[in-house]
1. So for the range 194-260, what percent of the C-alpha to C-alpha distances run longer than 18 Å?
2. Among SER16, LEU47, PHE62, whose Cα projects farthest towards the positive end of the dipole of the range 1-73, with charges put on the beta-carbon of Lys, Arg (+1) and Asp, Glu (-1)?
3. In the range 192-322, how does Rg compare with the Kirkwood Rh, expressed as the Rg/Rh ratio over alpha carbon atoms?
4. As an exercise, find the ratio Rg/Rh for the range 1-149 from alpha-carbon atoms, using the Kirkwood inverse-distance average for Rh.
5. When the chain is modelled as a GNM with alpha-carbon springs shorter than 10 Å, which of ASP181, ASP139, ASP60 fluctuates the most?
6. Which part of the range 69-83 falls in the paramagnetic zone of GLU169, meaning amide N under 18 Å from the point 7 Å along Cα-to-beta-carbon?
7. So if R0 is 25 Å, what FRET efficiency would ASP75 and LEU10 give, r being the distance between their Cβ atoms, rounded to the nearest 0.05?
8. Please name which of ILE146, GLY320, THR131 has its Cα lying farthest along the dipole of the chain towards the positive end, using unit charges on Cβ (Lys, Arg +1; Asp, Glu -1) and the Cα centre as origin.
Amino acid sequence: MRVRRRRRLLRCMRKSRELRSVQNNTAAIRPNDVILVSTFRNEKVRLPYFLRYYRDLGVDHFLFVDNDSTDGTLDYLNGQRDVSVWNTKHSYKRANFGVDWMNWLQRTYGNDHWTLVVDPDEFFVYPFCDTRPIQALTDWLDNSSIRSFSAMLVDVYPKGRLDENPYQEGQNPLEIASWFDSGNYTIKKNATYGNLWIQGGPRSRVFFPETPKSAPALNKIPLVKWTKRYAYVSSTHALLPRGLNQVYDEWGGEKASGALLHTKFLDTFTAKAQEEQSRKQHYAGSREYAAYADKLSEHPELWCKWSEKYINWRQLEILGLMSKGNWA
């Protein structure tokens, strides 16, 4: 595993040559700042609310990799003082689906910082997030000698067809996509890395009903007290050293955890799925996006009679999808 980790670190340094700095405000990063890292393409419509949400949560600086967007993303981000941006035209797939780029950014600018890695359609919720900023969580994690914090991906979706309510730039996507599956999840332990592997939810039952084991993984470890020795291996599903993946209690107790509200399923998703299917830059030849594009042509409804409407983090805790553990 040490050899594997060194290879990941060498790979990210080599892949850093593919990144061109567009806007570098990293000199403004202070020692205790919480840093958010994200890689995206053509997500300008989502960025206004995304930035507002995470600024309100207490994120201090944003490190973005723009993978050759053509929708005006770079112009929109220009001049925002808490945002640093790198652009690349290189292959997302050959950069280990963006992981190499993000590992380099975290290694270079995130050493000894809490870093949060999320996509523009993911919204991090944690215990007491409605009353406490993210620094309250990271302070508690520091005081508890905890260096990594997990969050289950919870797909949210609208009631009715995806194209019934057009998403407006700057809008809270939860105003449209506010329903989720309270059950229908499977969990097992990954023997190689020791992380949990969670699948299920609406993507499994609608897009992969015959092959649920092919459904996307929902386990993530997005918040880490980063050091130069660390490396993500597979998206934010697993890290090295392996100890960072021990975000659960094997002896019947509960460790604090959060959730990522995944707002993929808006009216913009059909065009996005078709684009990503043709680009074939995602895992397994974009098999996941091929399934999306095929099923979306039928205009499926993700809502079902067992769907729950999202209220707040306490609801997710009651349902067992996250936990406050011993953080009071």
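Coordinate-derived values only; no laboratory data. This is a predicted model, so every value here is computed, not measured. So basically every Cβ, Gly included, is an ideal-geometry build from the backbone, and we count neighbours across all protein chains shown.
1. For the range 194-260, the share of Cα pairs beyond 18 Å comes to 47 percent.
2. After comparing all options, I get SER16.
3. A ratio of 0.99.
4. Rg/Rh: 0.96.
5. Maximum fluctuation in the GNM of the chain, among the listed residues, is at ASP139.
6. Once the point is set 7 Å along Cα→Cβ of GLU169, 69-81 turn out to lie under 18 Å by backbone N, inside the range 69-83.
7. Rounded to the nearest 0.05, the efficiency is 0.10.
8. ILE146
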